[in-house]
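K.L.:
The following block contains the structure, expressed as structure tokens.
The values are calculated or read from the model by the stated rules, or taken from the named source; none is laboratory data. Please read all numbers here as calculations on a predicted model, not as lab measurements. Virtual Cβ from ideal backbone geometry, glycine too; neighbours counted across all protein chains shown.
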Amino acid sequence: MTIEIPGYGGSILYIDLSMKSSKKVTLDPELIRKFIGGRGFGSKLLYDLVDPDAPPLAPQQPLIFATGPLADLALSASRLNIMAKSPMTGIHGDSNVGGLFAMEMKRAGYDAIVFRGASNKPTYIWIQDDSVEFRDATHLWGKTVMEATDELIREVGDREAHVACIGPAGETCS
């Protein structure tokens, strides 16, 4: 069940890469009231989920994608906040990007996606509304962001799909 509050998708998607599992959780209206969305949601989730004793890049540490209530209302407001325990400082780290991913995430019904775990091989996640699939990404390893994006759009057969991905530099983080 999702909630229907204007400006919100109504749920948080939790993804465990180690187990290749996902869980959709209804967004708590109290979270909306206290933290609004985007960076507020991400900060609260990070505070609740981070393991303060584990290194920043440990598999149990969350990587959080969060959108705000204005995403999908205006292109200039469709921002995606990405948050994690910072490897540089060991505390809250975040960044945000524009583009259409936040809008599509919201249209799929998600205000936040929380990634945890580590896959034993390159994996991409295909999300289409309530469907979440874990797919082999070995063939994408080493490709630039543009090459990987083009390949994924061809592979899923949806020219309207939007991609969030890293390039070769991000593949070497450990």
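K.L.:
Any residue at all in the range 71-81 that is at pLDDT 95 or above, in contact with a Gly (Cβ under 7 Å, 6 or more places away or on another chain), surrounded by 13 or more Cβ atoms within 10 Å (Cβ to Cβ) and not in a loop (DSSP other than H, G, I, E, B)?
P.N.:
There is at least one residue in the range 71-81 that is at pLDDT 95 or above, in contact with a Gly (Cβ under 7 Å, 6 or more places away or on another chain), surrounded by 13 or more Cβ atoms within 10 Å (Cβ to Cβ) and not in a loop (DSSP other than H, G, I, E, B).
K.L.:
Further question: Being more than 23 Å from residue 9 (Cβ to Cβ) and either touching a strand residue (DSSP E or B) at 6+ places or on another chain (Cβ under 8 Å) or β-branched (Val, Ile, Thr) (or both): is that true of residue 111 here?
P.N.:
No, not satisfied.
K.L.:
Of all residues being among the charged types (D, E, K, R) and more than 17 Å from the chain's Cα centre (by Cα) in the range 39-94, which is farthest from residue 113 (Cα to Cα)? Just the residue, please.
P.N.:
Within the range 39-94, the match that is farthest from residue 113 (Cα to Cα) is 53.
Okay, residues lined up against (1) surrounded by 13 or more Cβ atoms within 10 Å (Cβ to Cβ); (2) closer than 18 Å to residue 20 by Cβ; (3) at pLDDT below 90:
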residue: 67; (1), (2), (3): yes, no, no
residue: 83; (1), (2), (3): yes, no, no
residue: 86; (1), (2), (3): no, no, no
residue: 120; (1), (2), (3): no, yes, no
residue: 127; (1), (2), (3): yes, yes, no
residue: 142; (1), (2), (3): no, no, no
residue: 153; (1), (2), (3): yes, no, no
residue: 158; (1), (2), (3): no, no, no
residue: 174; (1), (2), (3): no, no, yes
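K.L.:
Would you please list the contacts, defined by Cβ atoms under 9 Å and residues six or more apart or on different chains, that run from a residue in the range 30-41 that is of a type in the set (S, T, N, Q) to a residue that is surrounded by fewer than 16 Cβ atoms within 10 Å (Cβ to Cβ) and in a helix (DSSP H, G or I)?
P.N.:
Note: no pairs meet the criteria.
K.L.:
Which condition number does residue 42 fail, the rest of (1) under 27 Å from residue 161 (Cα atoms); (2) loosely packed, with under 15 Cβ neighbours inside 10 Å being met?
P.N.:
(2)
K.L.:
Would you check if residue 33 is of a type in the set (Lys, Arg), buried (at least 16 other Cβ atoms within 10 Å of the Cβ), modelled with pLDDT under 95 and more than 25 Å from residue 119 (Cβ to Cβ)?
P.N.:
Against the criterion (of a type in the set (Lys, Arg), buried (at least 16 other Cβ atoms within 10 Å of the Cβ), modelled with pLDDT under 95 and more than 25 Å from residue 119 (Cβ to Cβ)), residue 33 does not qualify.
K.L.:
Can you tell me which residues in the range 146-167 are touching a helix residue (DSSP H, G or I) at 6+ places or on another chain (Cβ under 9 Å) and without any contact (Cβ under 8 Å) to a residue 60 or more places away in the chain?
P.N.:
Correct list: 147, 148, 151, 152, 155, 159, 160, 161, 165, 166, 167.
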